[in-house]
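Step one of this worksheet: look at the structure below.
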Amino acid sequence: MDNVCEEKVFNAIFKSNSKTIFNYIYYKYGNEEKAYDAVQEAFVKLWENCAKVAPEKAKAFVYKVANNLYLNVLKAEKVRLKYAEKAPKNSPESPEFLMEEKEFKDKLDRALNSLPENQRTVFLLNRIDGKKYAEIAEMEGVSVKAIEKRMHLALKTLRAQIDGI
Amino acid sequence: MQENYLAKWLNNELSEEELAAFERSEEYASYQKIVRASDALEAPSFDMEKALADFQASQRNQETKVIKMRPSQYLMRIAAAVTVLFIATYFYIASLNETFSTEYAQRTEIVLPDASEVLLNAGSKLSYSERNWDSERNLSLEGEAFFKVAKGKKFTVTTDLGTISVLGTQFNVESRKGFFEVTCYEGLVSVTFQGKEQKLPSGTSFLVVNDRIVPTEAPLSSEPSWVNNESSFKSIPLTYVLSEFQRQYNVTVETKNVDLTQLFTGTFSNTNINLALQSISTPSQLSYSLEKNKVLFYAENAP
């Protein structure tokens, strides 16, 4: 039987989940430092409880810890997400097009920042991290349908914001 | 269009008809653009190896913190040492001798734990261990004291010059420099002097002057005269008489042309200095002068 207390098992869980936890908390609260701390805190808690948490439950456990960590603390903060810059491609696009693209991206950023936290988190986990709705549902502890609803609303809200409707 | 069709669309779950209808809608281009732009986004970089290293380091720190708890163990050790020290000190102090002493011109009465009574004459010191009192009644004495010993286990008085052991009796001990006198007033007293033990029945005395045993007569009273504020002497060198006088009145005695070895027999008052001076000077054919705390004895025929 695999045991979370075994370093090998534990490290594997760490490697496969830490980045998602980081992103998850970052999308929620827009604070890299807090997201990093959440990863640490989640795994400290997992390590402390390694004897009590079965390996297949470890993932849900760390998300829950990370999620609960700032539940009441950071809710009110206004989010201003920053994204890593993708390496600029030597695109043949015209400067006008690039300008337009830049403009659109700024609009999208603003729209994402003003999204309700749960919609933004779901949307970005899906778009950036490629998480399936079922996975996100597990992380958030809600039904897949609820995630689909958030996804739908997120996209709808984004478009309404960007198109100025 | 089904519920949450945008979510379904992103998940490629729309039916062909639905997809076709959606693609025809005017907002489709916008949605596509949003999704394409979103997919280009990247989360801030997360260095997983560093995070794991940080985690492991913090766990090690946790472990070091456990080691750091040892200062508290260290403190516990100090606390234990201090406690031991306190307890040891307590027992040490408890085992220390109870001490009573009298200054010159002072007298005190002591009741021992077994209700034995001790009258301590001027310029004397008595000490005993209260802790060991029940197993052995041991006292040490410098100076002079009158003991009324309650019946019980062996009662021992140790002095520089000799040791006195009794079971239950009344006796007087005087142990001064060069002068050692034990008088038994009741019962039987055992005196050890220079390794020799001597039994002293009631009404007898044992006297040592300058390391020599001097035969002496039995006292007639039932307690030493000093108890009644008189100092009595029977053939005692004058020097000891004057020493006693100094102790009783807390004065300095000086002599001029006086033979201090002459024997003195008599009594002087411990309460009236003028009377006492006369009591000493007249039989010794001496004159004296008293100035403040100084007494000068001088031979009468001297200038």
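Have a look at B:PHE268, B:GLY178, B:VAL258 and report the one farthest towards the positive end of the charge dipole of the range B:151-285, computed about the Cα centre with Cβ charges (Lys/Arg +1, Asp/Glu -1).
Ranked along the dipole, the leading option is B:GLY178.
Just give the residues from the range A:29-47 buried by at least 50 square angstrom of accessible area in the all-chains context relative to the isolated chain, probe 1.4 Å, and say none if nothing qualifies.
Those are A:TYR36, A:GLN40, which lose 50 Å² or more relative to the chain on its own.
Computed over the Cα atoms, what is the radius of gyration of the range A:7-69 divided by 2.2 N^0.38 Å, N being its residue count?
Normalised by 2.2 N^0.38 Å, the Cα Rg of the range A:7-69 equals 1.03.
Under a point-charge model restricted to the Cβ atoms of Lys and Arg (+1) and Asp and Glu (-1), what is the dipole moment magnitude of chain A relative to its Cα centre, in debye to the nearest 20? Kindly include the intermediate steps, with their values, before the conclusion.
Working: 29 positive and 25 negative charges, 86 e Å.
Approximately 420 debye in magnitude.
Evaluated at 37 °C with a viscosity of 0.692 mPa s, what Stokes-Einstein diffusion coefficient in µm²/s does the range B:213-303 have when Rh comes from the Kirkwood expression over alpha-carbon pairs?
Value of D from the Cα-based Kirkwood radius: 242 µm²/s.
What area, in nm² and to one decimal, does the C-alpha convex hull of the range B:99-214 cast on average over all directions?
The directionally averaged projection comes out at 6.5 nm².
Convex hull volume of the Cα atoms in the protein assembly as shown, per residue, in Å³?
Numbers: hull volume 163.8 nm³, N = 468.
Residue-normalised Cα hull volume stands at 350 Å³.
Report, please, the projected area of the range B:81-142 averaged over directions, based on the convex hull of its C-alpha atoms, in nm². Please report the intermediate quantities before stating the final value.
Numbers: hull surface 20.1 nm².
The orientation-averaged projected area of the Cα hull of the range B:81-142 comes to 5.0 nm².
Ignoring ligands, DNA and RNA, what percent of the 1.4 Å accessible area of chain B is carbon and sulfur?
Whole-percent figure for carbon plus sulfur exposure: 50.
To the nearest hundred square angstrom, how large is the accessible surface buried between B and A, total for both chains, probe 1.4 angstrom?
Values: alone 19130 and 10830 Å², together 26210 Å².
Buried area (both sides, nearest 100 Å²): 3800 Å².
Jot down the per residue volume, in cubic angstrom and as a whole number, of the convex hull over the alpha-carbon atoms of the range B:262-303.
Working: hull volume 3.2 nm³, N = 42.
Each residue corresponds to 75 Å³ of Cα convex hull volume.
Per residue, how big is the convex hull around the C-alpha atoms of chain B? Give it to me in cubic angstrom, could you?
Details: hull volume 108.0 nm³, N = 303.
Output value, Cα hull per residue: 356 Å³.
For the protein assembly as shown, with every protein chain kept in place, what is the accessible area per residue (1.4 Å probe, Å²)?
Normalised by residue count, the accessible surface of the protein assembly as shown is 56 Å².
Might you report the magnitude of the Cβ-based charge dipole of the range B:229-299 about its Cα centre, with Lys and Arg at +1 and Asp and Glu at -1, to the nearest 20 debye?
60
What is the percent of Cα-Cα separations in the range B:1-45 that go past 16 Å? Could the numbers behind the result be given before it?
Details: 410 of 990 pairs.
Cα-Cα pairs in the range B:1-45 separated by more than 16 Å: 41 percent.
With springs only between Cα atoms under 10 Å, which of A:PHE22, A:PHE14, A:PHE104 fluctuates most in a Gaussian network model of chain A?
Most flexible of the set in this elastic network: A:PHE104.
Top to bottom by accessible area (1.4 Å), largest first, where do B:MET48, A:MET151, B:MET1 land? Don't skip to the end; give the middle numbers.
Working: B:MET48 45, A:MET151 0, B:MET1 120 Å².
Of B:MET48, A:MET151, B:MET1, the descending order of accessible area is B:MET1, B:MET48, A:MET151.
Between B:THR204, B:PHE193, B:THR159, whose Cα lies farthest towards the positive end of the dipole of the range B:158-215 when Lys and Arg beta carbons carry +1 and Asp and Glu beta carbons carry -1, centred on the Cα centre?
B:PHE193
Given the options B:ARG60, B:ARG24, B:ARG131, which has the most mean-square fluctuation in a GNM of chain B, springs set between C-alpha atoms less than 10 angstrom apart?
Comparing B:ARG60, B:ARG24, B:ARG131 in a Gaussian network model of chain B, the most mobile one is B:ARG24.
At 7 Å along Cα-to-Cβ for each site, give me the label-to-label distance between B:SER221 and B:GLU13 in nm.
Between B:SER221 and B:GLU13, the simple spin-label model gives 12.3 nm.
So which aspartates and glutamates pass the test for B:LYS292, namely a Cα distance under 16 Å, with those fewer than 8 places away in the same chain ruled out?
The qualifying aspartates and glutamates are B:GLU254.
Compute a Gaussian network model of chain A, connecting alpha carbons closer than 10 Å, and tell me which residue from A:ASN23, A:ASN67, A:ASN11 fluctuates the most.
A:ASN11
The values are calculated or read from the model by the stated rules, or taken from the named source; none is laboratory data. Keep in mind the model is a prediction, meaning the values are calculated, not measured. We place every Cβ from the backbone using ideal geometry, glycine too, and count neighbours over all the protein chains shown. To get the accessible areas, we keep the full protein, side chains included, count just its heavy atoms, and leave off ligands, DNA and RNA. Shrake-Rupley method; radii C 1.70, N 1.55, O 1.52, S 1.80 Å.
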